[in-house]
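**Q** Input: one structure, supplied below.
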Amino acid sequence: MARQFPVRSSTVVKVILQRTFRMGFTQEPQNVVTSKVCRGALIVMEGCDRSGKTTQAKLLKKTLDDAGKPTDFMCFPDRSTQIGGIINNYLKCGTELEDHAIHLLFSANRWELLPKIKMTLAKGTNIVIDRYAFSGVVFSAAKEGMSLEWCKKSDTGLPKPDLVLYLDVSEKDVQKRGQFGAERYEKEEFQKRVRANYELLKDDTWRIIDASLSIDKLQEVIKEEALKVINKTKDEKIPELWVE
Ligand code: DGP
């Protein structure tokens, strides 16, 4: 005769669950650390040509890495892409392009790198960018017939930086740093208009840094500002630039 199973299957399940619960298997694993990934900060370095931005931006990347805050360096224009190649040729006076057309190419160069910017910030890495959309506006609007408002439009929707470090260098100090190079915009009169345009863009995310300080002193000031903003913004969303 077939042996009768003495208990109903629902009772078996109940017992197994009770035992398992007593053994602690249904509790949350004790030593699994669930850490939240905070976003990285977007830090932009701006200033007239020869203000020392590139040196400071590259140094800041290293300073933050060394301080345990992983950071990437980027620059605009990024001359390594196809669009960047056209821009490079234009800046070196190898080609002539209509003012609006080159403005849009500078802007397109930023848009094409947006996925990289977003991905980097999302994984918690900060980005230090040597020039951004502000350069786009101040250089293009320094040309005749180009309004500041029109120049802002093509970059509307890009992420707004958490911090803009503006390296303020006087005309006199620029002259002391030697001759301008041979690139298209490296002319005294043009740079004067660029400097005046920068004045029109500043808001409370900007810090005006005296670029006449020594490289080390300047880096100290910049590091302090960067660390402050990294701690402040890690849980915040990044707003869009120039939302009307
Ligand atoms: P840099 O590689 O940082 O030396 O920049 C090259 C030159 O291009 C410099 O004179 C600034 C200018 N520039 C940078 N970004 C833009 C932009 O978006 N639009 C325009 N018109 N000029 C820019």
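The values are calculated or read from the model by the stated rules, or taken from the named source; none is laboratory data. The structure displayed is predicted, hence computed values, not measured ones. Neighbour counts run over all protein chains shown; Cβ positions are idealised from the backbone, glycine included.
A quick yes/no check of all residues on (1) away from the ligand (no atom under 12 Å from the Cβ); (2) free of Cβ contacts under 8 Å to residues at least 12 places away in the same chain; (3) touching a strand residue (DSSP E or B) at 6+ places or on another chain (Cβ under 9 Å); (4) basic (Lys, Arg):
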{"position": "ILE86", "(1), (2), (3), (4)": "yes, no, no, no"}
{"position": "ASN109", "(1), (2), (3), (4)": "no, no, no, no"}
{"position": "ALA122", "(1), (2), (3), (4)": "yes, no, no, no"}
{"position": "GLU149", "(1), (2), (3), (4)": "yes, yes, no, no"}
{"position": "TYR166", "(1), (2), (3), (4)": "yes, no, yes, no"}
{"position": "VAL174", "(1), (2), (3), (4)": "yes, no, no, no"}
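**Q** Report, by residue number, each residue of the stretch 120-134 that is part of a helix (DSSP H, G or I), small (Gly, Ala, Ser) and surrounded by fewer than 24 Cβ atoms within 10 Å (Cβ to Cβ).
**A** Selection gives ALA122 alone.
**Q** List the pairs whose first member sits in the stretch 54-80 and is at pLDDT 95 or above and more than 10 Å from the ligand (Cβ to nearest atom), whose second member is part of a strand (DSSP E or B) and of a type in the set (Ser, Thr, Tyr), and whose Cβ atoms are under 7 Å apart, counting only residues at least 6 apart or on separate chains?
**A** LYS61/THR71; LEU64/THR71; ASP65/THR71
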